[in-house]
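The values are calculated or read from the model by the stated rules, or taken from the named source; none is laboratory data. Owing to the predicted nature of the structure, the values given are computational and were not obtained by experimental measurement. As a convention, Cβ positions derive from the backbone with ideal geometry for all residues, glycine included, and neighbour counts pool all protein chains shown. Heads up: the accessible areas ignore ligands, DNA and RNA and are worked out on the full protein's heavy atoms, side chains in. Shrake-Rupley method; radii C 1.70, N 1.55, O 1.52, S 1.80 Å.
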Amino acid sequence: MTEEDREQLTGAPSGATVQRILTAAHYAQSDDVILQCRGLGKVYSQTVALSNVELALRAGGVVGLLGPNGSGKSTLIKLAMGMLQPTTGEILIDGKKPSPATKAMTAYLPDTPHLPRWMTVDKAFRYMADFFPDFRKDRAEELLSRLGIRGKLSLKSLSKGNLEKVCLIATMARDARLYILDEPIAGVDPAARDFILETIIGNKPEGSTIVVCTHLIADVEPVLSHAVFLNRGQVVLDREVKDVYEEEHKSLDELFREVFRW
């Protein structure tokens, strides 16, 4: 089979330069893995969203789940949260299939505001505390004070940017083992991005794992310890960020542009 034939069948980019930077899935000892995919596939009607994904993410660190729009990032996240069921294979959180038990240890930030708009900020935080025993109201209030947002304000009265920040605070105020953040910096101004990234890193409990799903590589690169590239539903890169710097002598953003060049 030629390289071109393989590309047509798999959807993976070909070429000697790209092949040099692609790696096999990063495996770890089973008791050190927080998120694992084994032959994971998802098909919508005739559309293949994920194909034979093999992935094992170690506990700890900040992982970038990176890829262009339509690469399968959101599908993988929804499978991890039990919002979708695999067509083939399986996905495991701390060795368990998605269930109420895994949701209890996972803090999820969707790509659109998820808190009920009719609530006040204070009521939204109480709502989170009712659902999640690990919610830290003191941490949420401390972050809120930095924004100068009063707890008595209704969510529907907030600007789009402040609403997204409150939703992020509600997520990062949990003492979770795994945080999954879907496009947390999309559509916000540079100052808001700084606040969001500082909130993500500054409130990460020791030993927890953060997965940041985005296509805005340059903005999140400074906080990442590991990078996973998805392309057309397949993992095409799975490496420690420091290894990329040392071995490729280029930034993640540069590597991303090389891998996904049209």
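Summary of values
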item	result
Selection status of residue 231, crowded, with 19+ Cβ neighbours inside 10 Å and more than 27 Å from residue 39 (Cα to Cα)	no
Failed item in (1) in contact (Cβ under 8 Å) with a residue 12 or more places away in the chain; (2) of a type outside the set (D, E, K, R); (3) surrounded by fewer than 21 Cβ atoms within 10 Å (Cβ to Cβ), with residue 83 passing the rest	(1)
Matching residues, segment 42-72, being at positive phi, surrounded by fewer than 22 Cβ atoms within 10 Å (Cβ to Cβ) and assigned to a loop (DSSP other than H, G, I, E, B)	45, 60, 61, 70
Failed item in (1) in a loop (DSSP other than H, G, I, E, B); (2) under 17 Å from residue 61 (Cβ atoms), with residue 185 passing the rest	(2)
Candidate set: segment 86-105, residues that are in contact with a Pro (Cβ under 9 Å, 6 or more places away or on another chain) and open to solvent by less than 50 Å² (accessible area, probe 1.4 Å); chosen: the one nearest to residue 234 (Cα to Cα)	91
Selection from segment 76-122 of residues that are at negative phi, in contact with a Gly (Cβ under 8 Å, 6 or more places away or on another chain) and of a type in the set (Gly, Ala, Ser)	99
Among the candidates 204, 242, 250, residue that is under 29 Å from residue 38 (Cα atoms), modelled with pLDDT of 85 or more and loosely packed, with under 15 Cβ neighbours inside 10 Å	242
Test: residue in segment 137-148 that is of a type in the set (Asp, Glu) and either in contact with a Ser or Thr (Cβ under 6 Å, 6 or more places away or on another chain) or assigned to a strand (DSSP E or B) (or both)	no
Segment 123-150 residues that are open to solvent by less than 80 Å² (accessible area, probe 1.4 Å), paired with ones that are assigned to a helix (DSSP H, G or I) and of a type in the set (Val, Ile, Thr) (beta carbon under 6 Å, 6 or more apart)	140/169; 143/169
Among (1) more than 29 Å from residue 100 (Cβ to Cβ); (2) modelled with pLDDT of 90 or more, the one test that residue 89 misses	(1)
Number of the condition not met by residue 160 [criteria: (1) open to solvent by less than 20 Å² (accessible area, probe 1.4 Å); (2) at pLDDT below 95]	(1)
Pair list, Cβ < 9 Å and 6+ apart or interchain, from segment 159-172 residues that are without any contact (Cβ under 8 Å) to a residue 24 or more places away in the chain to residues that are open to solvent by less than 10 Å² (accessible area, probe 1.4 Å) and assigned to a helix (DSSP H, G or I)	162/192
